[in-house]
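K.L.:
Here it is, the structure in full.
Computed from the coordinates by the stated procedures, all read-outs in this text should not be read as laboratory data. What you see is a predicted model, and the numbers here were worked out from it, not measured in a lab. Positions of Cβ are backbone-derived with ideal geometry, glycine not excepted, and every protein chain shown enters the neighbour counts.
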There are 2 protein chains.
Amino acid sequence: MILTVTLNFALDVTYAAPRVRWRYTNRVSVVGRRAGGKGVNVARVLHALGRDAVVTGLAGGATGAAARAELERSGLIDATVSVRDQSRVTIIVVERDGEVTGFSEPGPEVTAAEWARLLARFHELLGAAEAVVLSGSLPPGVPLDAYAQLIAIAAAADLPVLLDAEQEALARGVAAGPQLVKINAGELDGFAPGLDVFSGAARLRAAGAGAVVVSEGPAGLVGLTESGAWRAVPPRVSGGNPTGAGDAAAAALVAGMVDASPWPQRLSDAAALSAAAVSAPMAGSFDQSAYRRLRGEVIVREQTPP
Amino acid sequence: MILTVTLNFALDVTYAAPRVRWRYTNRVSVVGRRAGGKGVNVARVLHALGRDAVVTGLAGGATGAAARAELERSGLIDATVSVRDQSRVTIIVVERDGEVTGFSEPGPEVTAAEWARLLARFHELLGAAEAVVLSGSLPPGVPLDAYAQLIAIAAAADLPVLLDAEQEALARGVAAGPQLVKINAGELDGFAPGLDVFSGAARLRAAGAGAVVVSEGPAGLVGLTESGAWRAVPPRVSGGNPTGAGDAAAAALVAGMVDASPWPQRLSDAAALSAAAVSAPMAGSFDQSAYRRLRGEVIVREQTPP
């Protein structure tokens, strides 16, 4: 199985409104209440691809309980650790034209004892894992080097790690040597301001990442590894909801890591799955027939590494 | 005690964001999670004025439980009836400049048996009540003449009712003869399109309301009763959050009804309390010192009735 870690586990509430009137009260319909957070989205996509995925992270309160119950109903394996404070809620408002506005709470206040329990649970779960995905923000109280600690534990168990983080959590995590860092262009610019995407990716490799994949939205993906550099460009997809497209790419990349597929194949699958996720209404979902079609249509070109 | 009825009982979640970027994901802080709905706001204001207030309505699920727990913590008396479906959540996003955007879920699906239990509970609670406040929207499944049914039960117990509703719930409710209808100018225009405020209020009286008070936002209140017509104008209040200002006015009006104060006094108190509520960050709260100051500054003028 693939173990996904969502330290800032969430209850995602998706609302639909024909058109939001900002600065008024809007009557909305509830599209869904689901477990959320980037690692959960990755696990959902892996499950839909027929892979076993286990979700761990820190879950608390009524919102955490509601999100955990939904995980189970969706066929995902809930291995979250309970915390006393309440898990965050993320509100996602989708308008009829597909535009999305989100409101994201900061997350529960995590104690040192709770963090220690997460580390112990993570260690136990590695026994059955083939790969690990670490993604998303850190809730208050979790140490800033949380991802570095988890990468060190996975390395001791000889398991590959995909890291998807930003800012301080990324900077500290990458120093622990994850096999793959998958981020978007904005997050890369936060790490290596002003650099072009290949130079930024090279700086991440120099900082400790084995390989780097950068998503550039509809323009596709850039990959930089020790063996080469590629750009994967999907066909244009119209409309849709880009939330979770990066998580779909992460799911394809970790699956390719487990299968040891060639890099051009991994990037092609990731670009196609990411584009197919844009067509689906909620993060963590993708359009299976669009994925099958798009896989044949992504163009992967080798690039000259910087 | 004063019995307030909130059929569409809610969990109000208030977020603060420096400035919302529409169509992006916004990190927000959680200002509060409180019981909500117009009747709850009225009860909160009555409690702060030193009056006993009891809250009834239909509450369900994890959101209903969280809202009920907060009621108790706030010193209000929870006499809600449990329903199977989950109570709605209302999201209120307050920006640094005081601008407010709300997202309001439709509410739980209420069964006929649940509605019958609400009627029975309402009947029991009237034994200790001096007046009744019926306010806000109806959740799905509750009959459109819900307020008419409740007004008939209160009338049989010889208790005065303040009704604050709109659209069909207002039209059907007013026909049952509530002692006072309190609505805002937009709601009045929905009932009597195109009429000026005094003519619209007269039409509501003709339809069954004993007296009518219409709030016109910062411009103050208009009152029309069998004994006269008045306009109450508060001093200008800068900034603030207008959500709940109408509920503060309703609280003052029902208190005046219980005390049998003269109408100019009731309108003056209601205009002052409404203005003092605008200065407070959350619906159901008001600034006590602003209220004391504003009470002396409201100008009430008798008008020629239409």
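K.L.:
Which Cα, out of B:MET257, B:PRO242, A:GLY244, lies furthest along the positive dipole direction of the protein assembly as shown (beta carbon charges, K/R +1, D/E -1)?
P.N.:
B:PRO242
K.L.:
Same structure, new question: How large is the dipole of the protein assembly as shown about the Cα centre if only Lys and Arg carry +1 and Asp and Glu carry -1, each at its Cβ, rounded to the nearest 20 debye?
P.N.:
420 debye
K.L.:
For the stretch B:233-285, what class follows from the C-alpha gyration tensor (a ≥ b ≥ c being the square roots of its eigenvalues): rounded when a/c is under 1.5, otherwise prolate if a/b is larger than b/c, else oblate?
P.N.:
It is oblate, given that a/c is not under 1.5 and a/b is not larger than b/c.
K.L.:
Under unit Cβ charges (Lys, Arg +1; Asp, Glu -1), what dipole magnitude, rounded to 20 debye, does chain A have relative to its Cα centre?
P.N.:
740 debye
K.L.:
Something else now. B:PRO140: net charge of surrounding residues, Cβ under 11 Å, Lys/Arg +1, Asp/Glu -1, itself excluded?
P.N.:
Cβ neighbours under 11 Å give a net charge of -2.
K.L.:
In whole Å, what is the distance between the alpha-carbon centres of the stretch A:207-268 and the stretch B:33-48?
P.N.:
51 Å
K.L.:
I've got another one for you. Pull up the DSSP beta bridges for chain B and report the antiparallel fraction as a percent, rounded to 5.
P.N.:
Counting only bridges with both partners in chain B, antiparallel ones make up about 45 percent.
K.L.:
Of B:ALA219, B:PRO143, A:ASN41, whose Cα points farthest to the positive end of the dipole of the protein assembly as shown (charges on the beta-carbon: +1 Lys, Arg; -1 Asp, Glu; origin at the Cα centre)?
P.N.:
Farthest towards the positive end: B:ALA219.
K.L.:
Got the B:PRO143 label distances to the other copies yet, label 7 Å along Cα→Cβ, in nm, shortest first?
P.N.:
Listed shortest first, these distances are 6.5 nm.
K.L.:
Now, a different point. Which percent, nearest 5, of DSSP beta bridges in the protein assembly as shown are antiparallel?
P.N.:
Antiparallel bridges: around 40 percent, rounded to the nearest 5.
K.L.:
Find which of A:GLY194, B:GLY173, B:LEU294 sits farthest along the positive direction of the dipole of the protein assembly as shown, computed with +1 on the beta-carbon of Lys and Arg, -1 on that of Asp and Glu, about the Cα centre.
P.N.:
Of A:GLY194, B:GLY173, B:LEU294, it is A:GLY194.
K.L.:
For A:GLU109 and A:ALA185, calculate 0.36 nm times their separation in residues minus their Cα-Cα distance, and state this gained length in nm to one decimal.
P.N.:
24.4 nm
K.L.:
Tell me the net charge near A:LEU58. Cut-off is 12 Å between Cβ atoms, A:LEU58 excluded, with +1 for each Lys or Arg and -1 for each Asp or Glu.
P.N.:
+2
K.L.:
Averaged across A:24-32, how many Cβ atoms of other chains sit within 10 Å of each residue's Cβ atom?
P.N.:
The per-residue average across the peptide is 4.
K.L.:
Per residue and in cubic angstrom, what volume does the convex hull of the Cα atoms of the stretch B:1-71 have?
P.N.:
Convex hull of Cα atoms, per residue: 112 Å³.
K.L.:
Which peptide among B:287-294, A:76-83 comes first, and what is the full order, when sorted by highest mean count of other Cβ atoms within 10 Å?
P.N.:
Order by mean packing, descending: A:76-83, B:287-294.
K.L.:
In the stretch B:87-213, what % of DSSP beta bridges are antiparallel (nearest 5)?
P.N.:
Of all bridge pairs located within the stretch B:87-213, approximately 35 percent are antiparallel.
K.L.:
Over chain A, with a Gaussian network built from C-alpha contacts below 10 Å, which listed residue (A:THR56, A:THR25, A:THR90) shows the highest mean-square fluctuation?
P.N.:
A:THR25
K.L.:
Using helices alone, what [θ] at 222 nm do you get for chain B, with -39,500 (n - 2.57) per DSSP H run of 4 or more residues, divided over all residues and rounded to the nearest 500?
P.N.:
So the calculated ellipticity at 222 nm is -11500 deg cm²/dmol.
K.L.:
List the extent of the Cα atoms of the stretch A:135-294 along each of their three principal axes, largest first, rounded to whole Å.
P.N.:
Taking max minus min along each principal axis of the Cα atoms, the stretch A:135-294 gives 39, 36, 35 Å.
K.L.:
Give me a single rounded figure for B:97-109: the average over its residues of other chain Cβ atoms within 10 Å of their Cβ.
P.N.:
4
K.L.:
Okay, next question. Given the C-alpha centroids of the stretch B:144-201 and the stretch B:88-129, what is the distance between them in whole angstrom?
P.N.:
If you average the Cα positions of each part, the centres end up 18 Å apart.
K.L.:
Something else about it: Please find, in a Gaussian network model of chain B (springs between Cα atoms separated by less than 10 Å), the residue of B:PRO160, B:PRO178, B:PRO140 whose mean-square fluctuation is greatest.
P.N.:
In the Gaussian network model the winner is B:PRO140.
K.L.:
Please state, rounded to one decimal and in Å, the Kirkwood hydrodynamic radius that the protein assembly as shown gives when every pair of distinct Cα atoms enters the mean of 1/r.
P.N.:
26.5 Å
K.L.:
If you don't mind, there's one more thing I want to ask. Please give the FRET efficiency for B:GLU168 paired with A:GLU72, using the beta carbon to beta carbon distance and R0 = 35 Å, rounded to the nearest 0.05.
P.N.:
Approximately 0.30, to the nearest 0.05.
K.L.:
Mean 1/r over all different Cα pairs, inverted: what Kirkwood radius does the stretch A:2-303 give, in Å?
P.N.:
19.2 Å
K.L.:
Something else: Please report, for A:ILE77, the nm distances (one decimal) from its label point, 7 Å out from Cα along the beta-carbon direction, to the equivalent points in the remaining copies, shortest first.
P.N.:
Nearest first, the other copies' label points are 5.3 nm away.
K.L.:
Ok, one more. By the scheme Lys and Arg +1, Asp and Glu -1, what is the net charge of all other residues having a beta-carbon under 9 Å from that of B:PRO18?
P.N.:
For residues surrounding B:PRO18, the net value is +1.
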